[in-house]
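Structure, as structure tokens:
Here, each number is a calculation from the coordinates, and none is a lab measurement. Just so it is clear, the structure is predicted and the values come from calculations on it, not from any experiment. As a convention, Cβ positions derive from the backbone with ideal geometry for all residues, glycine included, and neighbour counts pool all protein chains shown.
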Amino acid sequence: MKIDLTVAQVERVIEMAWEDRTPFEAIEAQFGLRESEVIVLMRNQLSRAGWQRWRQRVQGRATKHANKRAADVQRFRSTRQRGISHNHVPKRPKG
């Protein structure tokens with residue numbers, strides 16, 4: 001399996017894979033990667049310890065699969081997460 005993504009796209013997929021509220025279906029919709037392809041990408045990109053922490057974290061997690069989520073969860077990110085505009089976190093205004 002060959003995954004053709006830019007470095008920025010790979011970084012975004014990794015970020016989305018670590019987020020608890022972002023389901024694998026959202027990654028597939030945005031980047032065309034199925035869950036198994038995300039797993040391969042994560043295994044290749046993370047250190048061994050990082051890979052093991054990630055697998056332990058997402059394995060069996062209901063929020064990582066849209067069909068296992070509670071019906072009232074309709075968002076991909078936490079309400080406490082900072083606002084993100086086009087994958088860029090805005091700086092705080094000085095003052």
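Tabulated data
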{"read-out": "Residues within the range 36-47 that are surrounded by fewer than 16 Cβ atoms within 10 Å (Cβ to Cβ) and in contact (Cβ under 8 Å) with a residue 24 or more places away in the chain, tallied", "value": "2"}
{"read-out": "Scan of the range 5-28 for residues that are small (Gly, Ala, Ser) and part of a loop (DSSP other than H, G, I, E, B), ordered by number", "value": "none"}
